[in-house]
Amino acid sequence: SNFEMHPIHQGYEYYDMEVVDSKLLFCTQTGEVFIYDGQKVSQLVKLNTRIRDIYQFKNTVYLSSEEGVYTIQGLDRDSLSLLTKTPFTVMVLVDAQRNTWISTENGLYLLPDLKKEPILYIKDVEFNRAALTLYNDSVYAGSISGIYVIDCYHVVKNFLPLYQSRVQ
């Protein structure tokens, strides 16, 4: 074969991996997040829920889980916190306006910058794992119904002001 296998952590089934600050983060179905620095493997955090995806934006690592979205700041395990209670979260991304997009098995949520509560942007649609991406100023969200294309600037300039005024 044309490859060498270097087992660094055996005995688990891994669900996602992400390189963060020159370290490899990987997670398991049982809620464990491990960090590999090239020398050793150590446990970063252990959640009581399945983790489906790891995403990094600037100094924040987002963990998509069955219970919602968790965040870790600067790989500091003591900074672990629950950002949203969005059940069956499959992926997260942050756009240029710092809005957080959260795809779930039950819909697509938008957490506007500096807000605490996510908005259900597309309801009753099952979004797919590994099918949420940002290109130029658009969010592409793959679902069992097809691909949704969302213009981020339109959301900030039109949707959010209308939503805020309707809520008030």
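The values are calculated or read from the model by the stated rules, or taken from the named source; none is laboratory data. Everything quoted here is computed from the prediction, not taken from an experiment. Cβ: placed from backbone, ideal geometry, glycine included. Neighbour counts: every protein chain shown. Heavy atoms of the whole protein, side chains included, go into the accessibility calculation; ligands, DNA and RNA do not. Shrake-Rupley method; radii C 1.70, N 1.55, O 1.52, S 1.80 Å.
Name, by its number, the condition in (1) at pLDDT 85 or above; (2) open to solvent by 100 Å² or more (accessible area, probe 1.4 Å); (3) among the acidic types (Asp, Glu) that does not hold for Asp21.
Tallying (1) at pLDDT 85 or above; (2) open to solvent by 100 Å² or more (accessible area, probe 1.4 Å); (3) among the acidic types (Asp, Glu), Asp21 fails exactly one: (2).
Just one of (1) in a strand (DSSP E or B); (2) β-branched (Val, Ile, Thr); (3) more than 19 Å from the chain's Cα centre (by Cα) trips up Ile150, so point out which.
Unmet condition: (3).
For region 51-70, which positions are at negative phi, of a type outside the set (Asp, Glu) and open to solvent by 10 Å² or more (accessible area, probe 1.4 Å)?
Taking region 51-70 first, the residues at negative phi are 51-57, 59-67, 69-70.
From what is left, the residues that are of a type outside the set (Asp, Glu) are 51-52, 54-57, 59-65, 69-70.
If the condition is that a residue be at negative phi, of a type outside the set (Asp, Glu) and open to solvent by 10 Å² or more (accessible area, probe 1.4 Å), then Arg52, Tyr55, Gln56, Phe57, Asn59, Thr60, Tyr62, Tyr70 are the ones that fit.
Going through region 74-84 one residue at a time, which ones are under 18 Å from Leu111 (Cα atoms) and not small (Gly, Ala, Ser)? Reasoning before the result, please.
Pass one, region 74-84, residues under 18 Å from Leu111 (Cα atoms): 81-84.
Within region 74-84, Leu82, Leu83, Thr84 qualify.
Is there any pair linking a residue in region 35-61 that is in contact (Cβ under 8 Å) with a residue 60 or more places away in the chain to one that is open to solvent by 40 Å² or more (accessible area, probe 1.4 Å), with Cβ under 7 Å and at least six apart or on different chains, and which?
Arg52/Tyr15; Arg52/Arg129; Asp53/Arg129
Being surrounded by fewer than 18 Cβ atoms within 10 Å (Cβ to Cβ) and either assigned to a strand (DSSP E or B) or without any contact (Cβ under 8 Å) to a residue 40 or more places away in the chain (or both) is the filter here; which residues of region 126-141 pass it? Lay out the reasoning, then the answer.
First, pick out the residues of region 126-141 that are surrounded by fewer than 18 Cβ atoms within 10 Å (Cβ to Cβ): 126, 128-131, 133-138, 140.
Matches in region 126-141: Glu126, Asn128, Arg129, Ala130, Ala131, Thr133, Leu134, Tyr135, Asn136, Ser138, Tyr140.
Which of the residues spanning region 31-47 are assigned to a loop (DSSP other than H, G, I, E, B) and within 17 Å of the chain's Cα centre (by Cα)? Break it down stepwise before answering.
Here is the first cut: in region 31-47, the residues assigned to a loop (DSSP other than H, G, I, E, B) are 31, 37-40, 47.
The answer is Gly31, Leu47.
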